[in-house]
Amino acid sequence: MKTLLLSIIWNEEKLINLFVKYYRQVVDKFIFIDYGSTDKTLEIIRNSGIAFEFVTGKWNGEYDEREVTEIKNTFWIKYRDNYDWIIVVDIDEFL
């Protein structure tokens, strides 16, 4: 079974190691939608050894709840034919 994880990130360097370590056992690929991280988040992910993809979110300087909700509800759809399971979680959510 193939599993994809989708998460929105922004300056998550304090949690990203724990997040990746937790999910790497069950996830084949991570997709991170980044909203302009300025800390070491992206570097940590690049050096983690996981299969990942970065997508750039439309950051206008403010948190947009509608956009985030739309991403969580629809972004995964284009991947559904390639994965058996798709997990959509925030960086601080652990199943």
Using 1/(1 + (r/R0)^6) with R0 = 25 angstrom and r between the beta carbons of Glu65 and Asp92, what's the FRET efficiency to the nearest 0.05? 0.90
Where only alpha carbons of the chain are counted, the Rg and the Dmax (Å): 12.7, 38
Residues of type aspartates and glutamates that Lys14 reaches as a straight line, Cα spacing below 12 Å, ignoring anything fewer than 8 places off in the same chain: Asp39, Asp92
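Given DSSP loops and a limit of at most 15 other Cβ atoms within 10 Å, what is the longest stretch of the chain that contains no such trypsin sites (Lys or Arg not before Pro)?
The answer is 59-79.
For the stretch 1-83, report the accessible area per residue in Å² (1.4 Å probe, heavy atoms, rounded to an integer).
On a per-residue basis, 65 Å².
The values are calculated or read from the model by the stated rules, or taken from the named source; none is laboratory data. Values in this document were obtained by computation on a predicted structure and should not be read as measured data. Positions of Cβ are backbone-derived with ideal geometry, glycine not excepted, and every protein chain shown enters the neighbour counts. In case anyone asks, the SASA skips ligands and DNA or RNA and just uses the protein heavy atoms, side chains included. Shrake-Rupley method; radii C 1.70, N 1.55, O 1.52, S 1.80 Å.
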